[in-house]
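Written below as structure tokens is the structure these notes are about.
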Ligand code: NDP
Ligand code: GDR
């Protein structure tokens with residue numbers, strides 16, 4: 001029971017114990033999130049603000065505004081009571097990180113910043129190593145150098161990509177790693193340097209080995225969001241075909257909302273440990289595509305092999321389309337809606353990911369609320385809504401302004 005908030009930064013709770021009540025005084029916790037402008041950063045910031053945290057986020061300078069995902073969290077940055085603050089910074093800049101951590105004095109750091117696209121890491125391997133690997137060291141060293149090892153708890157965003165080439169399934173905290181991309185190799189360094197600082201300096205630092213998690217605010221070039229956006233555009237007649245790479249890859253997909261809760265839980269334990277966070281269900285990219293089209297009343301069947309594989313319309317639920325205000329005549333039986341384009345293949349692929357979240361279920365009490373069907377529905381509903389606006393504007397004759405005319 002909340003009993004006091006005086007002075008402003010202190011809140012008290014009555015904790016029932018053996019029939020009596022303990023009074024626990026808790027200072028308002030301060031969290032620092034790197035990668036706050038990303039998918040997970042946005043969900044985590046909202047989650048921590050709802051828990052009463054003061055939240056500080058690190059954003060990069062960019063030539064265009066990059067805070068779309070978190071703009072709703074502050075209405076007026078001049079509000080003096082604001083518990084949400086953004087700072088410019090970069091994981092490749094040690095002095096910046098040291099200054100920020102010194103200023104913010106966080107109880108918890110969530111290191112979510114990373115060049116997070118596996119395919120792009122083959123094009124930018126050195127930068128990826130610097131940000132995703134050495135960046136983790138910079139955070140750990142900053143905390144150590146500032147004498148905060150006993151105050152500041154650190155969450156490192158590790159990944160199921162560490163498992164890479166399949167050694168055993170389902171993958172758990174004890175499954176050997178075999179990274180298959182510059183991204184995964186950089187993250188492997190991040191994983192081990194976190195373990196090493198925990199053991200060497202007695203720091204509360206832990207790795208969340210998170211399997212793929214998605215949402216309506218997932219980056220548009222990751223496969224799930226690419227599919228939900230393209231499906232919506234095809235249904236509204238704004239795109240003809242969806243081009244994808246490896247349709248046979250299997251992923252264990254969860255919802256980002258569930259996964260940020262697990263990050264927080266990992267930092268609330270008595271001792272720091274590493275945890276796998278996953279649903280325990282794996283699905284092919286091909287099946288994910290099929291589920292998205294089914295959401296809008298189109299059944300597709302895949303035929304052909306490898307680069308020649310195609311997804312073709314075999315059934316149209318006209319009533320469903322009409323109930324959504326759509327005209328079924330833009331689509332026809334036998335139409336090819338999905339094709340393979342080899343430019344999306346990776347030099348080395350991760351074929352199968354399926355996580356075993358037993359440890360997180362048992363020790364953290366963590367259970368996901370979303371299954372894959374609910375995730376697909378959430379993403380498709382949002383993208384259909386967004387694309388509808390573009391379709392209406394186009395139908396109304398709206399043309400974007402051409403700045404270069
Ligand atoms: P996103 O790509 O959506 O977000 C990445 C964030 O990192 C963005 O805010 C980005 O800034 C920022 N960033 C990138 N490089 C730097 C840098 N050099 N310095 C400072 N900030 C930087 O990723 P997610 O939110 O999906 O993932 C969060 C973390 O979790 C990442 O570390 C990712 O590798 C890891 N992870 C993600 C999983 C997933 O399925 N989503 C699964 C397992 C791990 P900007 O907006 O300016 O680009
Ligand atoms: P992943 O996610 O590489 O698992 O990394 P992504 O969605 O990019 O790929 C998943 C699988 O889909 C296949 N695929 C395609 N991928 C993309 N992006 N675009 C395509 O057109 C396409 N066609 C098929 C891929 O080959 C792959 O097998 C994500 C990131 O969030 C990482 O940061 C995180 O660490 C891991 O998840 C867990």
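Throughout, read-outs are computed from the coordinates displayed, never taken from laboratory work. Here the structure is a predicted model, which is why all the values come from computation and not from measurement. When we count neighbours, we look across all protein chains shown, and the Cβ atoms used for this are built from the backbone with ideal geometry, even at glycine.
Table for the structure above
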read-out: Antiparallel DSSP beta bridges within the chain, percent to nearest 5; value: 40
read-out: The stretch 2-210 - share of DSSP beta bridges that are antiparallel (%, nearest 5); value: 30
read-out: Cβ-based exposure ranking for 152, 95, in which fewest neighbours within 10 Å come first; value: 95, 152
read-out: Length-normalised contact order of the chain in % [C-alpha pairs under 8 Å, at least 6 apart]; value: 14
read-out: Relative contact order of the stretch 2-210, defined on C-alpha pairs under 8 angstrom at six or more residues apart (%); value: 17
read-out: Linear extension gain, residue 241 paired with residue 367, 0.36 nm per residue minus alpha-carbon span; value: 41.7 nm
read-out: Span from the the stretch 37-105 Cα centroid across to the the stretch 345-405 one, whole angstrom; value: 23
read-out: With Cα atoms, 0 to 90° folded angle of helix 256-266 axis to the chain main axis; value: 20
read-out: Extension gain from residue 332 to residue 72, taking 0.36 nm per residue of separation minus the Cα-Cα distance; value: 89.5 nm
read-out: Neighbour-count ranking [beta-carbon atoms within 10 angstrom, fewest first] of 352, 100; value: 352, 100
read-out: Full-stretch length increase - residue 92, residue 146 - with 0.36 nm per residue and alpha-carbon distance subtracted; value: 17.6 nm
read-out: Between 0 and 90°, nearest 10: helix 285-295 axis offset from the chain longest Cα axis; value: 70
read-out: Two-site label geometry, residue 339 and residue 281: point separation in nm, points 7 Å out along Cα→Cβ; value: 3.3
read-out: Overall dimensions of the chain as given by Cα atoms, namely Rg and Dmax in Å; value: 23.1, 76
read-out: Computed label-point distance, nm, for sites residue 105 and residue 49 using a 7 Å Cα→Cβ extension; value: 2.4
read-out: Separation of the residue 398 and residue 117 label points, Cα + 7 Å toward Cβ, nm; value: 2.7
read-out: Gyration tensor (alpha-carbon) shape descriptor, the stretch 44-137, a/c threshold 1.5; value: prolate
read-out: Contact order relative to length of the stretch 130-251, as percent, for alpha carbon pairs under 8 angstrom and 6 or more apart; value: 26
read-out: Using alpha-carbon coordinates, inclination of helix 39-50 to the longest axis of the chain, degrees; value: 50
read-out: Residues 333, 302, 345, 275, sorted so that the one with the fewest Cβ neighbours within 10 Å comes first; value: 333, 345, 302, 275
